[in-house]
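Encoded as structure tokens, the structure appears first; notes follow it.
What follows draws every value from the coordinates through simple rules; no lab data is involved. All figures in this text were calculated on a predicted structure; none of them were measured in a lab. Every residue, glycine as well, gets a Cβ built from its backbone with ideal geometry; the counts of neighbours run over all protein chains shown.
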2 protein chains.
Amino acid sequence: MKRAIELAKQAKGEIPVGAVIVKDGLVVAAACNRKEQNLDVTAHAEILAIREAEQKLGRWRLDDCDMYVTLEPCPMCAWAILNSRIKTVYFGSYDLNYGAFGSKIDLRSVANSKLQVYGGIMENECNEMLNSYFKNLRNVAR
Amino acid sequence: MKRAIELAKQAKGEIPVGAVIVKDGLVVAAACNRKEQNLDVTAHAEILAIREAEQKLGRWRLDDCDMYVTLEPCPMCAWAILNSRIKTVYFGSYDLNYGAFGSKIDLRSVANSKLQVYGGIMENECNEMLNSYFKNLRNVAR
């Protein structure tokens, strides 16, 4: 999760979110949110990390991998995670507005999936990073 | 929708789904499902079409575009469509298992969005294409 937080901080001009995919204790993919930079609404950290891991491993099935992500995944990312068969997801901040692993909705029930999800990992650090980003954004907008 | 059906038929070895994005009456992006070919669980027709349209138009906001897709979008694609601000979605077959614009869940309510969605467009043709694919798959599996 520390690595995911470092990545999130590299997401300049973006909502700071970082995601890391781990297999056998080693990082196989790591990404930050790049929606604005890539002009791509699908370029969330989780999607980019999944695509990178799949290309590296040469298969779309990631059932021997775990994901660490600083923010609870949105429905787009949650469904991609479910489709990829990732084993366990650890996330930092809860997203009460759009979180799709329990906070707003839980897509595991739609997929009838037993995916393990643990929220609130290093939550304070992840919350502070998001709060600081949105505080700066409000100051700029004034 | 005819063009989307043609594309879906080109998705060899994949669940046949095609998507087309239209702006001012012209096709700006068109794709078929390429999950197996690309080894990428995010390579659904809708995601590929959105990314292509965004790259061509040089912006992530597609609020002057409509999408035609042969199957009701899953939660991943539905959320990407909502995030892209696409104006109107026309889909063919309803997906009672995973459809995220009303059949299984409706993510518009999660996003508090007024996105217009019309289902059942050329539904028979789209259903027949899917039924034929799954029938062949069952025969091969025997």
Quick one: which residues, 5+ away or cross-chain, put their amide H under 5 Å from the amide H of B:VAL117? H built at 1.01 Å from N.
B:VAL89
Kindly identify the range A:1-119 as rounded, prolate or oblate by the Cα gyration tensor criterion: order the square roots of the eigenvalues as a ≥ b ≥ c, call it rounded if a/c is under 1.5, otherwise compare a/b with b/c, prolate if a/b is larger, else oblate.
rounded
Please identify the trypsin sites (Lys or Arg not before Pro) of the range B:1-89 that satisfy two criteria: DSSP loop assignment and at most 11 other Cβ atoms within 10 Å. Which are they?
B:LYS12
Under 25 Å between alpha carbons, and skipping anything fewer than 8 positions from A:LYS114 in its own chain: which lysines qualify?
A:LYS23, A:LYS87, A:LYS104, B:LYS35, B:LYS104
7 Å along Cα→Cβ for the label point: how many nanometres lie between A:LYS56 and each equivalent label in the other copies, listed shortest first?
3.3
Would you mind listing the distances between the B:LYS12 label point and the same position in each other copy? Use 7 Å along Cα-to-C-beta, nm, one decimal, shortest first.
4.5
Can you put A:ILE15, B:ILE86, B:ILE47 in order of Cβ neighbours within 10 angstrom, beginning with the fewest?
A:ILE15, B:ILE86, B:ILE47
Once phi for every residue in the range B:77-91 is put through the Karplus expression 6.51 cos²θ - 1.76 cosθ + 1.60 (θ = phi - 60°), the whole-Hz ³J(HN,Hα) values, with Gly and Pro written as x, are 6, 4, 6, 5, 4, 4, 5, 7, 6, 3, 7, 9, 10, 10, 10
Compute the label-point distances linking B:SER113 to its equivalents in the other copies; points lie 7 Å from Cα along Cα→Cβ; give nm, one decimal, shortest first.
1.9
Interchain or sequence-distant (5+) residues whose placed amide H lies within less than 5 Å of the amide H of B:CYS65 are B:LYS87
Mean separation of Cα contacts under 8 Å (at least 6 apart) over the residue count of the range A:1-116, i.e. the relative contact order in percent, is 20
Provide the per-residue ³J(HN,Hα) series for the range A:54-60, in order, calculated from phi with Karplus coefficients 6.51, -1.76, 1.60 and θ = phi - 60°, each as a whole number of Hz, with x at glycine and proline positions.
5, 5, 5, 8, x, 7, 8
Name the long-range amide H neighbours of B:GLY92: under 5 Å, sequence gap of 5 or more, or other chain; modelled H, no Pro or chain starts.
B:VAL69, B:THR70, B:LEU71, B:GLU72, B:GLY120, B:ILE121
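Where does chain B land at 222 nm, in deg cm²/dmol rounded to the nearest 500, when only DSSP H runs of n ≥ 4 count, each adding -39500 (n - 2.57), divided by all residues?
Estimated from H runs of four or more residues: -12000 deg cm²/dmol.
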